[in-house]
1. Out of all the residues in the range 274-306, which are in a loop (DSSP other than H, G, I, E, B) and within 16 Å of Asp232 (Cβ to Cβ)?
2. Ser73 versus (1) assigned to a loop (DSSP other than H, G, I, E, B); (2) touching a Leu at 6+ places or on another chain (Cβ under 9 Å); (3) surrounded by fewer than 17 Cβ atoms within 10 Å (Cβ to Cβ); (4) not charged (D, E, K, R): which is the lone unmet condition?
3. Considering (1) open to solvent by 50 Å² or more (accessible area, probe 1.4 Å); (2) in contact (Cβ under 8 Å) with a residue 60 or more places away in the chain, say which one Met49 fails and leave the rest.
4. Mind telling me which of the residues Met1, Met17, Met58 ends up being open to solvent by less than 20 Å² (accessible area, probe 1.4 Å), more than 18 Å from Ala125 (Cβ to Cβ), of a type in the set (A, V, I, L, M) and at pLDDT 95 or above?
5. Mind telling me which of the residues Leu108, Leu143, Leu165 ends up being open to solvent by less than 50 Å² (accessible area, probe 1.4 Å), more than 30 Å from Arg63 (Cβ to Cβ) and either aromatic (Phe, Trp, Tyr) or not in a helix (DSSP H, G or I) (or both)?
6. Residues of the range 21-34 being surrounded by fewer than 18 Cβ atoms within 10 Å (Cβ to Cβ) and either part of a loop (DSSP other than H, G, I, E, B) or within 16 Å of the ligand (Cβ to nearest atom) (or both), which ones?
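The values are calculated or read from the model by the stated rules, or taken from the named source; none is laboratory data. Keep in mind that this is a model prediction, so the values were computed, not measured. For neighbour counting, all protein chains shown are included, and Cβ atoms are generated from backbone atoms with ideal geometry for every residue, glycine included. Just so you know, the surface numbers come from the protein's heavy atoms only, side chains and all, with ligands and any DNA or RNA stripped out. Shrake-Rupley method; radii C 1.70, N 1.55, O 1.52, S 1.80 Å.
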Amino acid sequence: MKAVALFSGGLDSTLAMALMIEQGIEVVGLNVNIGFGSTKDRREHMEKMCQQVGAEFMEVDIRSQFLRDILFSPKYGYGKNFNPCIDCHGNMFRVAKEIMVEVGASFLISGEVVGQRPKSQNSQALKIVEELGETDELLIRPLSAKLLKKTVPERNGWVDREKLLRISGRGRETQMKLAERFGLSDFETPAGGCLLTDSFFATKIRDFVKYDKLEVDDIDILKFGRHFRLEDGAKLVIGRNLEDNNGLKSVKSKKFISLEGVGVKSPIALISKDASEKDLFFGCSAVLSYTKAENREYEVEIGEKERVLVSPISRDEVRKYSL
Ligand code: SF4
């Protein structure tokens with residue numbers, strides 16, 4: 001018997017897989033990439049967790065579909081910030097079900113725990129998520145199964161319900177004991193979860209979509225740097241450190257062009273390609289204001305081809321346009 005588990009890299013989804021593997025089920029740990037994970041690379045961590053419990057790791061990229069169908073039109077609204085958790089979970093289950101068929105698996109697993117998150121993991125929300133995911137009772141939640149209705153895998157005897165658990169609420173005690181029983185190590189997830197739950201990130205998305213359509217290649221620009229919206233509407237992003245600068249350099253969006261001071265240690269900045277001349281010159285001066293430039297003219301390179309001569313302006317002047 002084979003199953004596909006929705007796998008986030010966290011302890012609960014790992015334990016849910018371990019409980020199924022203990023019952024002789026072959027498990028594929030499926031990570032669904034919606035594009036809003038943190039900038040830290042968590043792939044290595046996820047692979048290690050799968051290895052520890054003996055699951056196969058698989059990743060699927062649904063960023064375009066998530067932007068198109070879920071992020072801006074969730075049927076069940078948002079959590080505290082820009083996180084459409086109920087619709088997002090339902091969507092993940094729908095994707096997982098397709099993969100289930102593709103890999104010849106018979107059912108789905110999730111590490112959800114009843115009552116762990118007040119809005120997205122209460123009994124009602126768990127039911128809605130199943131409906132949205134069209135899981136046809138093929139979804140089993142091993143950590144809370146005994147508190148929930150019997151599912152097809154249990155009714156058909158593929159899984160022994162007696163060996164499943166009845167965890168509820170936010171406590172972590174049972175999970176910690178289980179982690180010990182399964183001999184799991186390094187299970188703390190590396191910092192940074194879903195950015196849609198971050199209030200400042202939500203501000204950046206709201207600002208972006210006021211002026212432009214958010215597409216997959218634009219997502220990364222929201223993850224790095226200081227963000228400004230200039231007088232004529234151009235977006236300006238200035239790197240704060242090496243990580244930001246490297247991140248901004250790797251942004252694939254064709255809607256932005258880079259700015260970098262010449263002859264002075266300069267951050268990398270990106271500005272809207274269609275910026276007005278006024279915004280463009282302001283952006284060039286703003287970049288210099290985040291350097292140790294003296295009060296004189298410097299060249300600023302625009303998109304590695306063109307250079308202009310500008311003087312730095314005060315940071316207070318730039319901050320007026322900060323998000
Ligand atoms: S936290 Fe993010 S990834 Fe998780 S369900 Fe909510 S929106 Fe989706």
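1. Within the range 274-306, Asp274, Ala275, Ser276 qualify.
2. (2)
3. (1)
4. Unique residue meeting the criteria: Met17.
5. Leu165
6. Gln23, Gly24, Asn33
Per-residue answers, yes or no, for (1) in the same structural domain as Ile302 (by TED's automatic domain parsing); (2) under 30 Å from Leu309 (Cβ atoms); (3) assigned to a loop (DSSP other than H, G, I, E, B):
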residue: Gly171; (1), (2), (3): no, no, yes
residue: Thr174; (1), (2), (3): no, no, no
residue: Ala202; (1), (2), (3): yes, no, no
residue: Asp220; (1), (2), (3): yes, no, no
residue: His227; (1), (2), (3): yes, yes, no
residue: Leu236; (1), (2), (3): yes, yes, no
residue: Arg240; (1), (2), (3): yes, yes, yes
residue: Gly247; (1), (2), (3): yes, yes, no
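Okay, residues lined up against (1) among the small types (Gly, Ala, Ser); (2) closer than 26 Å to Arg43 by Cβ:
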| residue | (1), (2) |
| --- | --- |
| Val152 | no, no |
| Arg170 | no, no |
| Thr174 | no, no |
| Glu188 | no, yes |
| Ser199 | yes, no |
